[in-house]
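The values are calculated or read from the model by the stated rules, or taken from the named source; none is laboratory data. Since the structure is predicted, the reported quantities are computational estimates derived from the model, not experimental observations. Here the Cβ positions follow ideal geometry from the backbone for every residue, glycine too, while neighbour counts run over all protein chains shown. Surface accessibility is based on the protein's heavy atoms, side chains included, excluding ligands, DNA and RNA. Shrake-Rupley method; radii C 1.70, N 1.55, O 1.52, S 1.80 Å.
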Amino acid sequence: EAKTLASFGNRAGLPVIGYSTTEPELSDRNSYKTFYRLSASDVFIAQALLKLFKQYLWNSTNIIYQGDSYGQGGLHALDEAFGNEVKISRSIRFDLFTERIDNLKRQLEESPS
């Protein structure tokens, strides 16, 4: 919803304030000139998590993410921030509406014992 409203606000010249959206794409000032957010972008959160991983010398993780644009954006931000420094061993998609978990069985079968 935030992207749609931000695009409309941009075309209409109206400011749009997102109180909870963390979608990194909305930080693009060329595309969303009138959009402002109150919460940090997923990019900043992912960078903070990378610092935490480095501090404790953690080099891999599993991620369970929500199967909507919020969760996918967060996963993408973590993947970008972690780069080659932290391996995402498994990413497991959880659909909040159907309570379905994707990728879990296949990834467990592929993992060494």
For the stretch 64-113, give me each residue that is assigned to a loop (DSSP other than H, G, I, E, B), modelled with pLDDT of 70 or more and under 19 Å from the mean Cα position of the chain (by Cα). Gly67, Asp68, Gly83, Asn84, Glu85, Val86, Leu96, Phe97
Got at least one residue in the stretch 75-90 being touching a Leu at 6+ places or on another chain (Cβ under 9 Å) and of a type in the set (Ser, Thr, Tyr)? no
Which of the residues belonging to the stretch 14-40 are outside any loop (DSSP other than H, G, I, E, B), among the β-branched types (Val, Ile, Thr) and open to solvent by less than 60 Å² (accessible area, probe 1.4 Å)? Val16
The stretch 41-78 - residue that is free of Cβ contacts under 8 Å to residues at least 12 places away in the same chain and more than 19 Å from Glu1 (Cα to Cα) and, of those, surrounded by the fewest Cβ atoms within 10 Å (Cβ to Cβ): Leu57
